[in-house]
1. Residue 61 versus residue 45, label points 7 Å from Cα toward the beta carbon: distance in nm?
2. As a test of the formula, what do you get for the chain when each DSSP H run with n ≥ 4 contributes -39,500 (n - 2.57) and the sum is divided by the residue count, at 222 nm and rounded to the nearest 500 deg cm²/dmol?
3. Once neighbouring chains are kept in place and the probe is 1.4 Å, which whole percent of the accessible area of the stretch 12-84 is contributed by carbon and sulfur?
4. What are the semi-axes of the equivalent ellipsoid of the chain, taken as the square roots of 5 times the eigenvalues of the Cα gyration tensor, listed largest first and rounded to whole Å?
5. Mean-square fluctuation check for the chain, GNM, Cα pairs under 10 Å: which of 73, 23, 12 is largest?
6. Let me spell out the model: positive unit charges on the Cβ of Lys and Arg, negative unit charges on the Cβ of Asp and Glu, origin at the Cα centre of the chain. What dipole size does that give, in debye rounded to 20?
7. For residue 81 and residue 12, compute 0.36 nm times the residue count separating them, minus their Cα-Cα distance, and round to one decimal in nm.
8. Give me the net charge of residue 24's neighbourhood, meaning all other residues with Cβ under 15 Å from the Cβ of residue 24; Lys, Arg count +1, Asp, Glu -1.
Amino acid sequence: MDRTTTIEQLKAIVKPFVKNEEAFENINESTDFINDLNINSANLVDIVLDVEDAFKIDIDNESMEKMLTIRAALDIIETKLAQK
């Protein structure tokens, strides 16, 4: 799975929780879930759970704490998929 496809899947997961539509339209690997998209920490947990379901992976607490940007999420998803 390439990074562009993964970003598109991630965007679909994140969209319902986004409070800043303009930032969402300009989403890139540097986008921060909390600071840029105004997603609260409770919704961030929902996103992690949705990512686990969508990609059929398990994200441990340590990885979850690091998943604050699109780039971090992509790195975690790719790492977990590679371990399958």
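The values are calculated or read from the model by the stated rules, or taken from the named source; none is laboratory data. If you're wondering where the values come from, they're calculated on a predicted model, not measured in any experiment. Glycine also receives a Cβ, built like all others from the backbone with ideal geometry; neighbour counts cover every protein chain displayed. Only protein heavy atoms, including side chains, enter the accessible area calculation; ligands, DNA and RNA are left aside. Shrake-Rupley method; radii C 1.70, N 1.55, O 1.52, S 1.80 Å.
1. Those two pseudo-labels are separated by 1.2 nm.
2. After summing the helix terms and dividing by the residues of the chain, the value is -18000 deg cm²/dmol.
3. In the stretch 12-84, the share of accessible area belonging to carbon and sulfur is 48 percent.
4. Gyration-tensor ellipsoid for the chain: 19, 14, 11 Å.
5. Of 73, 23, 12, the Gaussian network model singles out 12 as fluctuating most.
6. 140 debye
7. Answer, rounded to one decimal: 23.0 nm.
8. Within the 15 Å Cβ shell, the charges total -4.
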